[in-house]
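The values are calculated or read from the model by the stated rules, or taken from the named source; none is laboratory data. Just so it is clear, the structure is predicted and the values come from calculations on it, not from any experiment. Note: ideal-geometry Cβ built from the backbone for every residue, glycine included; neighbour counts use all protein chains shown.
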Amino acid sequence: MTDFIPAHKEPLDEGTREKLVAGESRHPMTFIERLAMPLLPSPEEGPPPKGLLAFFWYFARQIKWPLVLALFFKVLEVAADLMIPIALGYFVDIFATPGIETADERLALIQERLPVLLGMVGFFLFFRPLALIGKTAVVELGLMGGFGNFIRWQSHRHILGQDISFFSNDFAGRIANRVMQTGISLREVVLTSLDGILYGFIYLVGSLIILAFTSLWLAVPLLIWTVAYVSLIIFFMPRIQRASEAHSELRSEVTGRIVDSYTNIQTVKLFANKGLEDANVAESIDDFNFGWIQVMRRSVTMSALLICINALLVVFTAALSLWFWMAGSASAGTIATALPLVSTLTWFSGIMLWLLGHIFESAGAVSEGRQSISVPHAIVDAPNAKPLMVQEGRILYDDISFNYGKERSVISGLNLDIKPGEKIGLIGHSGAGKSTLVNLLLRFFDLEDGAIRIDGQNISEVQQDSLRKAIAMVTQDTSLLHRSIRDNICYGKPGASEEELIAAAKQAQAWDFIVDLEDNKGRKAMDAHVGERGVKLSGGQRQRIALARVILKDAPILILDEATSALDSEVEHAIQEQLLGLMTGKTVIAIAHRLSTISRLDRLVVMEDGRIVEMGSHQELLDHNGVYARLWALQSGGFLPTADVVEETSESG
């Protein structure tokens, strides 16, 4: 057996990626270890059901036969444990047999009982160990890991398909916490019920049956205790479950606030607001702690009552045993069977109550997790949607209307026809609707009215993945994955060769700084990791990595949203020349507040309040002397040079 080293120095090849997504593990596993595969694909499209029991069954039915196997071994284990007090009573009856005085008489009695005794030896030497080993192997080796992990995997894949607004309306930390916690909590409910509660239930029923057969009156205290025990569960457990659900919500809130602080650590440091952050997290931890106290108040009260009824059960069973023994209606073996049964049951009842509390607490966490996991996708592929086929790259906004689900319309009746290979620039103040047009083209949101077509294909009727694969975009707020430089650039074209990666990095003016990178673990150049959201790099470096990713993707439609805003003038000018080459043969939509960066495009579209107010080339709009001309005058009046001046300066230099 070799130690597992999880770090991978080389990116996963395409075959391995497909194998993992299809549900297969990269690691060798035995039959029992494969009972619950960690990457088990979802049985059907769509979200898990919202009902709590249906939610449990949705995941449990995917491994119903392994659960049945675990149940089989559990029944054998309980049967084996119930034999212990029976065997004890049998031995006591042997020892208490009247008239046995000499060694020969004892030997004769042992020989008479030898078949039963040998059966007991075989039972405890072989049957019980096999039952325990079988149950342990199936539950701990087969189900304990994979069961919770495939729930996490399926939940993650479903949530990953949610639209942008789903993530905008919640803490990323809280969503992640729900995915992680729901998997382990649902597993705990099912396996604890199987391993602990089922054991207790079968043991209780078995004890009642055994006592009824040995002495019917000895079963009466146990029967009364059972009614009291079940009453405690019925009264307290729903209250514990509701308190646990509220407590789980508070735990997600704590996680969300902590992750929010870490994610925005630069802002926290910049404004020196550590005290404010401390108070923000302290408030949620204080609420979280009190939520736990509310759960424990109910649990401690229930445990105290259980201790009382357990004491009454033992005392009354012992008193009845003495009474019947004195009356001669119960043998020593009967009493030796009854008292251990009751004693074991009272001991295990406390454990069972704790397990029930744990189950209801976990059920509360599952119920809270459903709030994210059971949400249907707002934006879905149409039935029988086909891949988008881009041949020319014509984009048509056909009388579109959109309002982000609000009453006030953001865009109303907008028409825009972008010809194949045309380069257009979107201009306007913040909030004018420029980014909204781009987000609608990417189908991050669905229209209220109208249609967007690419080469005549309505984007709402094609597969979303194919649509986004046909569009490459560089955003102003560039966010990188917390992976290596290679992984980030390769995101544009998984499986690209090293030569292609280096060429894209050089074209994006990124290679010179990449070769000098080294992270805190000694990984260098392309293998260096960039930190969460790329915080180890400057804004300009992140933007150049993003440009390299887009260059490698080489999609027929290119969107540039302030693509060079974080660059210094020298690098920006160099990259703009590269972008001109990148734009060749592509349909381009560029957004920029600095008009000099887009003035050379084929057509400029000026927007205000979700409407197109002007459209034309740079010179046409200047001649029109409207909104664009005023903006140009403001920016070129000593603040920014025109594109022509930049060209002349470059040539003269």
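Of note:
Table: residues versus (1) of a type in the set (D, E, K, R); (2) assigned to a loop (DSSP other than H, G, I, E, B); (3) touching a residue at least 60 places away in the same chain (Cβ under 8 Å); (4) closer than 21 Å to Lys423 by Cβ.
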position: Asn488; (1), (2), (3), (4): no, no, yes, no
position: Gly492; (1), (2), (3), (4): no, yes, yes, yes
position: Gly495; (1), (2), (3), (4): no, yes, yes, no
position: Asp512; (1), (2), (3), (4): yes, no, no, no
position: Asp516; (1), (2), (3), (4): yes, yes, no, no
position: Leu537; (1), (2), (3), (4): no, yes, no, no
position: Ile545; (1), (2), (3), (4): no, no, yes, no
position: Ala555; (1), (2), (3), (4): no, yes, yes, yes
position: Leu558; (1), (2), (3), (4): no, no, yes, yes
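- Residue match in segment 440-462 (condition: assigned by TED's automatic domain parsing to the domain that holds Asp609, within 17 Å of Glu614 (Cα to Cα) and touching a residue at least 60 places away in the same chain (Cβ under 8 Å)): no
- Considering each residue of segment 105-121 in turn, at least one proves to be more than 54 Å from the chain's Cα centre (by Cα), small (Gly, Ala, Ser) and either more than 25 Å from Leu186 (Cβ to Cβ) or modelled with pLDDT of 80 or more (or both).
- Test: Leu414 is out of contact with any strand residue (DSSP E or B) (no Cβ under 6 Å at 6 or more places or on another chain), surrounded by 19 or more Cβ atoms within 10 Å (Cβ to Cβ) and touching a residue at least 24 places away in the same chain (Cβ under 8 Å): no
- When the criteria are applied in full, Leu467 fails the requirement of being in contact (Cβ under 8 Å) with a residue 60 or more places away in the chain, touching a strand residue (DSSP E or B) at 6+ places or on another chain (Cβ under 7 Å), closer than 16 Å to Asp163 by Cα and not hydroxyl-bearing (Ser, Thr, Tyr).
- The numbered conditions (1) crowded, with 19+ Cβ neighbours inside 10 Å; (2) assigned to a helix (DSSP H, G or I) are all true for Thr478 except (2).
- Residues located in segment 71-100, provided they are of a type in the set (Asp, Glu) and either at pLDDT 75 or above or not assigned by TED's automatic domain parsing to the domain that holds Ile202 (or both): Glu77
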